[in-house]
Amino acid sequence: MTDPVAGDPHTTAVRSTTERVVPAPVAPVAAVVTGANRGIGLEVCRQLAVLGATVFLSARDAAKGAAAAHELAAEGLDVRFVALDVADPASVAAAAEAVAGQVEGLDVLVNNAGGNFDFMHTVLGSDVDLVAGIVDANCFGAMRCVNAFLSLLRAGAHPRIINVTSEAGSFSALQGLPYQQDHLAGYAVAKAAQNAYTVKLAGALAGTGILVNAISPGFVATQPGAEKMGARPIPEGAASIVWAATLPDDGPSGGFFRDGEPLTF
């Protein structure tokens, strides 16, 4: 991504995204986290709730999502389940309506749902329907959620949108697009699209007080045996996302970060 042009009214959307940011965090009041019945999403819910937020833990699988929310509520945290399938517009709309019936505004939307790390899926001869599904889950799903929850975010005290992404969609990272050879036909393209959407959305919301950032949690031990391969613990990956959720009002927007450190698109 090129540097913003001086004098461009949209440069506020991407300012300070190339420098280390150590914010004085704000405490969110209400948050929605998608794809949160396990792994990073579940831990993000926990960390936000520990900060005092009312957290709506959402998941496509109602039984698993409700069980995960119950687990956190048993810890004394205000975590509530809401069914949400990011691939289903009706489900997204119903989830937004359910949340609107319980809170007046939303401070945090974490678009965490997605995944499908198709490492062995090659670009040449790729299954286009499979790629379309991966892009839908990772990028279009986030778009649906933003559209559905935007009015609640506008009513929030310190609204933040976090798109959980990956350096697999970067044009310059060592594990990014130019270095994957013929692998990750769907996932890498989906994350590149999600990163592009982050920049466009930040520009569209410049001056509204809604900060939008793409966050890579890094290689996180969400699968058995991953730590032996060098994966970081789940709480560390989740903390990177919570950092963006608690940015001060003058924090960066339109950037790509891991652990508060800027990454290149």
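Where a number appears in this text, it was derived from the coordinates with a stated rule and is not lab data. No experiment lies behind these values; they were computed from the predicted model shown. Every residue, glycine among them, receives a Cβ derived from its backbone with ideal geometry; neighbour counts consider all protein chains shown.
Quick notes
- 3J(HN,Hα) from dihedral phi, the range 192-198, Karplus parametrisation 6.51/-1.76/1.60, rounded to Hz, x for glycine, proline: 5, 5, 5, 5, 4, 4, 4
- Table column - 3J(HN,Hα) (Hz), the range 206-214, Karplus curve with 6.51, -1.76, 1.60, x for Gly and Pro: 4, x, 8, x, 8, 8, 10, 9, 9
- Close amide-amide hydrogen proximity is noted between SER170 and LEU177, each under 5 Å apart and 5 or more residues distant or on a separate chain (H modeled in the peptide plane; Pro and chain starts excluded).
- Likely footprinting exposure, GLU71, GLU167, GLU43, fewest C-beta neighbours within 10 Å first: GLU71, GLU167, GLU43
- Proxy reagent accessibility, fewest Cβ within 10 Å first, across TYR197, TYR187: TYR197, TYR187
- Averaging 1/r over every pair of different alpha carbons in the range 48-152 and inverting the result gives a Kirkwood radius of 15.0 Å.
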